[in-house]
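Take a look at the structure set out below.
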Amino acid sequence: MNNVVITRSKNQILDISEMITQLGMNPVEFPCIEIDSSSYKDSLYVELTNLNTYDWILFTSRNTIQVLNEIILENQMDIDWKKIKVGAVGPETKKMLINIFDVEHVFTPKIFNVKSFADELPIMPEEKILIPQSKIADSSIVNNLQEKDILVKKIIAYDLKVGTEGENVPKMLKENTVDAVIFTSGSTVTNFVKRTYPEDSKNTPVFCMGETAYNEALKEGFNFVFKPDKSTLIDTVNLLRDYFIEASSE
């Protein structure tokens, strides 16, 4: 049975684990990121109370949705999502918005990356945009929109820390029992390398959901890096499935 390491945060790891199990593989949970929003909740709360002063709110990760939902529940806030336009960088983020906030209409770009998100956004002159992101998030969407003279406010929603707990992946790497790794962001790549040091994982096949994770994996020196055409979880898992089907037939 193939051992597939999953590097997402603890509270977002279950869906991938279930998909890997359904493929007849063994999911190895090894959280490489941890979300810390404690320093930013007060400022986020203020922005949520003033959400009616914005025309759009854009989400570039599922983590932001999780953080905002915590604030809304903690403060028993009643947000009318019909009064603001909502955008998501890709289908996974859109799905979470619909499930968590019951948002009826969510704009997503045809190509699931930040540049297309900014280029395709159907914004009108004078409209204001709020973009909550992580402290280390790529600012290209903010820069792209500001270059078009669009009013944008970026607010920090959380820090990303190195994850903890999970299975003993360094030991598995040493024993050569890791068959693949799934990366869902650039941070999962860099933190995986930190958490497994000094063990060498560079010859392990890695499957990246999105351009950022893919580029970071190449930068870190992984030799077998794969990325699906569409930056979705299901496409990433299907690519992994097809890889092992082809490998078993050789």
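Please treat every number below as a calculation from the coordinates, not as lab data. As the structure is a prediction and not an experimental result, all values here were calculated from the model. Virtual Cβ from ideal backbone geometry, glycine too; neighbours counted across all protein chains shown.
If the condition is being within 20 Å of residue 91 (Cβ to Cβ) and out of contact with any helix residue (DSSP H, G or I) (no Cβ under 6 Å at 6 or more places or on another chain), then the stretch 196-225 contributes 210, 211, 214. Here residue 102 fulfils each of the conditions (1) of a type outside the set (Ser, Thr, Tyr); (2) at positive phi; (3) surrounded by 21 or more Cβ atoms within 10 Å (Cβ to Cβ) apart from (3).
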